Amino acid sequence: MPEKISFFDQIERNKRLSYVLIFLVFAVLIALGVVFSLAYGYESGDMGFAFIILIFSIIFSLIYTVGTYYYSDKIALASVNAFPAEGDQYRRLVNRVEGLALGSGLPKPRVYVMPSPEINAFATGRDPEHSVICVTQGALDNLTDPELEGVLAHEMSHIANYDIRFVTLVAVMVGIVSIASELFLRSMWYGGGRRSDRKGGSAIFLVLGIILAIIAPLVVKLVQMAISRKREYMADAGSVQLTRYPGNLISALKKIKAFYDGPAPHPKVNDAVAPMFFADPIEQRLINLFNTHPPIEDRIKVLEAM
């Protein structure tokens, strides 16, 4: 019998870990800036053009990400061909969402349906006032009312925790690290001949910069995946906090696992949208470090301990 844990403790633990991980991404970004500067040498002027490109690339990345953030709901809904949950056939779904919104003190999200046999759902929107919950037709057809409520409460927790905003911030930082690393490596490739006269100190930092430019994007990507997994555990705990019963969410997760483990064909979901779903609609990688969601069996174990 696993030792019982409080969902409050689970939420706080995952919050702390998320902030530690985002600090790690920030530290990698700072380290890149320091090492790249030392690699080029403060007295050298050959960094000018690459530096200008870097600044413009970062500005473009920020504008692109902020634009995506503000229109994330429209982009996500359009990518899965979702439609508004209107009419008597969706009254059950809308009533559940309204009840959870009242219970959580949040504004009622707009409710959409994704025409897919998968058992899944996702939340999007930049804040609670502009939030959306989208549920697949498969979830409506296969989940009982209590199971559906557990899934919806998980998505309401994502909204309450401002997970879209948090994940967007991480995406910006990861993107900047990738851009800086790519530009540094390209400048080495195209300008390597002009740096053959570097002194020993600069040469050491040059080698260190190349190594860091190669491994840093991978490291921050792994951290990004880890943050995503922690936010899923936190939303599971938030669902229990809202419904006061983990059994419904456990039952829903078991049905979802059976669906994705089964022989039924799984519709293709855009990789950019997949991390938002309640359960990863893309086949889990053999190494969990590269997954945006924890294995369903691990989520069930944590819920069973609450």
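No value in this document is a laboratory result; all are computed from the given coordinates. Here the structure is a predicted model, which is why all the values come from computation and not from measurement. Methodologically, a virtual Cβ is constructed for each residue, glycine included, from the backbone with ideal geometry; neighbour enumeration extends over all protein chains shown.
List the pairs from 221/255; 108/301; 230/254; 74/301; 74/257 whose alpha-carbon separation is above 24 Å, in the order I gave them. Don't skip to the end; give the middle numbers.
Numbers: 221/255 30 Å; 108/301 31 Å; 230/254 20 Å; 74/301 35 Å; 74/257 28 Å.
Checking Cα-Cα distances, 221/255; 108/301; 74/301; 74/257 exceed 24 Å.
Using label points projected 7 Å from each Cα along Cα→Cβ, tell me how many nm separate residue 89 and residue 59, to one decimal.
Inter-label distance under the simple model: 5.1 nm.
What distance in nm separates the two pseudo spin-label positions at residue 305 and residue 23, each 7 Å out from Cα along the beta-carbon direction?
2.3 nm
Sticking with the crude label model, points 7 Å out along Cα→Cβ, report the distance from residue 78 to residue 207 in nm, one decimal please.
5.0 nm
Could you order the peptides 154-166, 85-97 from most to least packed, using the average number of other C-beta atoms within 10 Å per residue? List each step's numbers first, then the result.
Details: 154-166: 21.8, 85-97: 14.4.
The densest-packed peptide leads the list: 154-166, 85-97.
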